[in-house]
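Presented below is the structure to which this report refers.
Read-outs: derived from the displayed coordinates by stated rules, not from any lab. Predicted model, so just to flag it, every value in this text is computed and none were measured. Note that each Cβ is placed from the backbone with ideal geometry, even for glycine, and that neighbours are counted across all protein chains shown.
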Amino acid sequence: MYKRILIMPDFFYKFKFNYRFLKRVIMVAPRKSKLIKKLYLNYADSTLNNNGGRTIKYRFRNALWYTINGEKTFDNVFALSKNISEVSLVVHGLHETCTYMLLLKPEYIDIVKVIRSKP
């Protein structure tokens, strides 16, 4: 999501991340239930990248940001290469963090483990 362009210093990337984070906190804070809830999680062959990879589409209620294989993102779509079969998806919320260990099968996603913890 945040591709490094040599012209822009790290300050702008940090500012953009903090701005989007605060926008989401303002949206989630007034809600009665602040727990993370999975709405959907699926994948298909990718049209986003040219190397024939896969695209994971996901959506979680009350999520502030996501970390996929160590990369922070706000997007609900993530492109992977074809040879990756295990993915770690961390969903960061206001009062909890959920870690999903995903196993990518040829036709579906298998959720191997879900770990809920306080941030």
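Choose one of PHE60, HIS95, ILE109: the residue whose Cα lies farthest towards the positive end of the charge dipole of the range 10-117 (beta-carbon charges +1 Lys, Arg; -1 Asp, Glu; about the Cα centre).
Among PHE60, HIS95, ILE109, the one farthest towards the positive end of the dipole of the range 10-117 is HIS95.
Determine the dipole magnitude for the chain: charges of +1 sit on the beta-carbon of Lys and Arg, -1 on that of Asp and Glu, nothing else is charged, the reference point is the Cα centre, and the result goes in debye to the nearest 20.
Here the chain has a charge dipole of around 620 debye.
Want the number for ALA44 to ARG31: 0.36 nm per residue separation, take away the alpha-carbon distance, what's left?
That pair, ALA44 and ARG31, stretches by 1.4 nm at full extension.
Which of the following values of Kirkwood radius over Cα pairs in Å was calculated from the structure shown: (1) 26.2; (2) 15.5; (3) 17.6?
(2)
Say we join alpha carbon atoms closer than 10 Å with springs in a Gaussian network model of the chain; which of ILE84, ILE109, ILE36 then has the biggest fluctuation?
ILE84
Report the gain in length on full extension from ILE115 to LEU94: 0.36 nm times residue separation, minus Cα-Cα distance, nm rounded to one decimal.
Roughly 6.0 nm would be gained on extension.
Run the quick spin-label model on LYS57 and ASN83: label points 7 Å from Cα toward the beta carbon, then report their separation in nm to one decimal.
According to this spin-label approximation, the distance is 2.8 nm.
Please find, in a Gaussian network model of the chain (springs between Cα atoms separated by less than 10 Å), the residue of LYS72, LYS34, LYS105 whose mean-square fluctuation is greatest.
LYS105
Apply 1/(1 + (r/R0)^6) to the Cβ-Cβ distance of TYR108 and TYR19, taking R0 = 35 Å, and write down the FRET efficiency to the nearest 0.05.
On the way: r = 36 Å, r/R0 = 1.03.
The formula returns an efficiency of 0.45 here.
Who wins for biggest fluctuation among GLU96, GLU71, GLU107 in a Gaussian network model of the chain, springs between alpha carbons below 10 Å?
The residue with the greatest mean-square fluctuation here is GLU107.
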